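Trainee: Sharing a structure, written as structure tokens. Questions coming.
Rule-based calculations on the coordinates, nothing more; no lab input. Being a predicted model, the structure only gives us computed values, none of them experimental. Quick reminder, even Gly has a Cβ in these numbers, built from the backbone with ideal geometry, and neighbours come from all protein chains shown.
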């Protein structure tokens, strides 16, 4: 987690605000704004700042939300300078919060964001109230931070607030920026917080004073802007009836107050909660905080906002939804190509943008899209794993969009392809996951380059026919069905045989929404066969790699000694590779860092039949400390 010294540094502000842009709105206002975070993130967040503060005042909270070690989620944020401050125009007129809300809505139009999470602090919270009342259909969620419904429905100032207001003349008479900053800090933070000594001997007063002095040197203010924004604050009023209409829109609402708020009475949070009361409304009050909660309580506030945004996440897709073509298209939307050092042209796909890198290696004659259930489940917005990982899937040589050279392949050769793809991606290390033939390739990769492996997962695979388990009648029956594919007269027969080989009868007979799951599975494989890019040369090459694969006990022991975590997953009803192969692999790789999972009621397509369980097992394997 980024510490207080780093988060308040000018280098952090510059890094967070590296993408500053300008827009000419339809009302003629020229607005300066900034974008932050993942541009491809489906969830968008609009942050609206308070009185006479520029967008950069969000820097400490944004740096906390964007810190990759915090796992707050993958979002794209937009901050902007309200009219009257910073790089936005400063017209000489009396502003209103409803007018400023229209500015914000026009920015959403410019960004082409149909909806966004709206977060407003202080005056920004007043603007946010007007925005969500004017356009509730544009709102995913609403967060109102240390703000008020206004002069007719809000709380009257108390002694603490009047004391702060009476200090305002000092700002006008201040001779130096240091005097201005000292007055501002007194209004924003409780003295007991500012003077509390930290373990390193520093106190927040020193850190925040340096931060506010640096910001005071850069913020662009004007008399026209100050007059306009103060007029907006003093005239702001959203009555209880209008707030009830906001609540009835149904989106989640978070209200945040601060007991030691020296600018707006803390009872405003209670009043807002009463006006916005509902099943999806939540209030949080920081008992030891002042008005500047985005700084004083940045970590706690980031957590509360993440929870609010997560409440809007869609439910995890059902099995039937995953089998639709739309799911494949959405999950495999970022397809790329690379020419490797050995001359092979590889087609691969990138999924997610998390800090942990994962390479997924698929099995015999299966394209990268066969990883759909695993990738879609781990990256589902409703899952805690959604922001942890970046996955790469790829077509092995001989299938899909990768070259199909006419030769006998080996699993060690296919492992070199995978390592060269890691080089192309500039990934020094990755979690390596291999399924079936992909597990054989993964064994070779881990043995050849153990320093490139952060963890290893072997799913329904084998060390090879000499070291592995002898096929039994169930597997021989599966081989016979596969052999028929070479002479199968129709795609229907091929799909039927694949479904038989990959899944248990119990899974196929399960009824979902009045239809046997087997029907959805069959349709999925039929569709995949329709789009399959296969060739005779690729088929014979991959089959030769599988038939000749051999990883003996000595080489497996060398993998074990490399010391990275190893997960072995088997399926007791496997009709292609004897389930005892998982037991053999586990025994050869056994250590304190090796774990085995055997699904008693699943077959070779375990990543489909047990997609949620397999995804959870992989999540715990990759990041044991943070997995749910």
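Trainee: So if we plug the beta-carbon distance of residue 179 and residue 69 into 1/(1 + (r/R0)^6) with R0 = 56 Å, what FRET efficiency do we get, rounded to 0.05?
Mentor: For residue 179 and residue 69, the calculated efficiency is 0.90.
Trainee: Going by how many other beta carbons lie within 10 Å of each one, how would you line up 9, 462, fewest first?
Mentor: With the sparsest Cβ surroundings first, the list reads 9, 462.
Trainee: Helix 580-589 sits at what angle to the longest principal axis of the chain, using alpha carbons and giving 0 to 90 degrees rounded to 10?
Mentor: It works out to around 70 degrees.
Trainee: Could I ask something else about it? What's the exposure ranking of 43, 407, going from fewest to most Cβ atoms within 10 Å?
Mentor: 407, 43
Trainee: On a 0 to 90° scale, report how tilted helix 97-111 is relative to the longest principal axis of the chain, with both axes built from alpha carbons and the result rounded to the nearest 10.
Mentor: On a 0 to 90 degree scale, this one is about 30.
Trainee: Next question. Please sort 224-230, 22-28 by packing, taking for each peptide the average over its residues of neighbouring beta carbons within 10 angstrom, highest first.
Mentor: Highest-to-lowest ranking by the protection proxy: 224-230, 22-28.
Trainee: While we're on this one: At 20 °C and 1.002 mPa s, grab the translational diffusion coefficient of the chain from Stokes-Einstein with a Kirkwood Rh over Cα pairs, rounded to a whole number in µm² per second.
Mentor: D = 78 µm²/s.
Trainee: Could you tell me what fraction of 2.2 N^0.38 Å the Cα radius of gyration of the stretch 178-336 comes to, as a two-decimal ratio?
Mentor: The reported ratio for this selection is 1.44.
Trainee: With a Förster radius of 25 Å, plug the Cβ-Cβ distance of residue 244 and residue 27 into 1/(1 + (r/R0)^6) and report the FRET value to the nearest 0.05.
Mentor: 0.30
Trainee: Can you list the equivalent-ellipsoid semi-axes of the stretch 155-224, largest first and in whole Å, using the square root of 5 times each Cα gyration tensor eigenvalue?
Mentor: Its equivalent ellipsoid spans semi-axes of 23, 19, 10 Å.
Trainee: How high is the relative contact order of the stretch 458-617, given as a whole-number percent (alpha carbon pairs under 8 Å, six or more residues apart)?
Mentor: Relative contact order comes out at 35 percent.
Trainee: On to the next question. Within the stretch 215-257, list the residues whose amide N lies under 18 Å from a label point set 7 Å along Cα→Cβ of residue 287.
Mentor: Answer for the stretch 215-257: 256-257.
Trainee: Hey, another quick one. Please work out the FRET efficiency for the pair residue 426 and residue 41, using the Cβ-Cβ distance as r and a Förster radius of 25 Å; give the result to the nearest 0.05.
Mentor: 0.65
Trainee: Could you please state, rounded to a whole Å, how far the C-alpha centre of the stretch 376-451 is from the C-alpha centre of the stretch 241-294?
Mentor: 49 Å
Trainee: Please give the Cα centre distance for the stretch 37-88 versus the stretch 352-371, rounded to the nearest Å.
Mentor: When both Cα centres are located, 32 Å separates them.
Trainee: Give me 248, 235 sorted ascending by neighbouring Cβ count inside 10 Å, so fewest comes first.
Mentor: Lowest count first: 248, 235.
Trainee: Here is a further query. Normalise the Cα radius of gyration of the stretch 16-137 by 2.2 N^0.38 Å (N = residues in it) and let me know the number.
Mentor: 1.00
Trainee: Which value in Å does the Kirkwood hydrodynamic radius of the stretch 244-302 take, with 1/r averaged over all unlike C-alpha pairs and then inverted?
Mentor: Its Kirkwood hydrodynamic radius stands at 12.0 Å.
Trainee: A further question on this structure: Using the Kirkwood radius over Cα pairs, work out the Stokes-Einstein diffusion coefficient for the stretch 390-454 at 37 °C and 0.692 mPa s, in µm²/s as a whole number.
Mentor: 271 µm²/s
Trainee: For the stretch 26-68, just say rounded, prolate or oblate: build the C-alpha gyration tensor, square-root its eigenvalues into a ≥ b ≥ c, call rounded for a/c under 1.5, and beyond that prolate if a/b exceeds b/c, oblate if not.
Mentor: oblate
Trainee: So, in Å, what gap is there between the alpha-carbon centers of the stretch 595-626 and the stretch 531-547?
Mentor: So the separation of the two Cα centres works out to 27 Å.
Trainee: Same structure, new question: Suppose a student asked you for the relative contact order of the chain, using Cα pairs under 8 Å spaced at least 6 residues apart; what percent would you report?
Mentor: Over the chain, the number comes to 11 percent.
Trainee: I need two numbers for the stretch 376-423: Rg to one decimal and Dmax as a whole number, Cα atoms only, in Å.
Mentor: Reported Rg and Dmax, both Å: 15.0, 45.
Trainee: Okay, next question. Any idea what angle helix 473-484 forms with the longest principal axis of the chain, computed on alpha-carbon atoms, 0 to 90 degrees, nearest 10?
Mentor: 90 degrees
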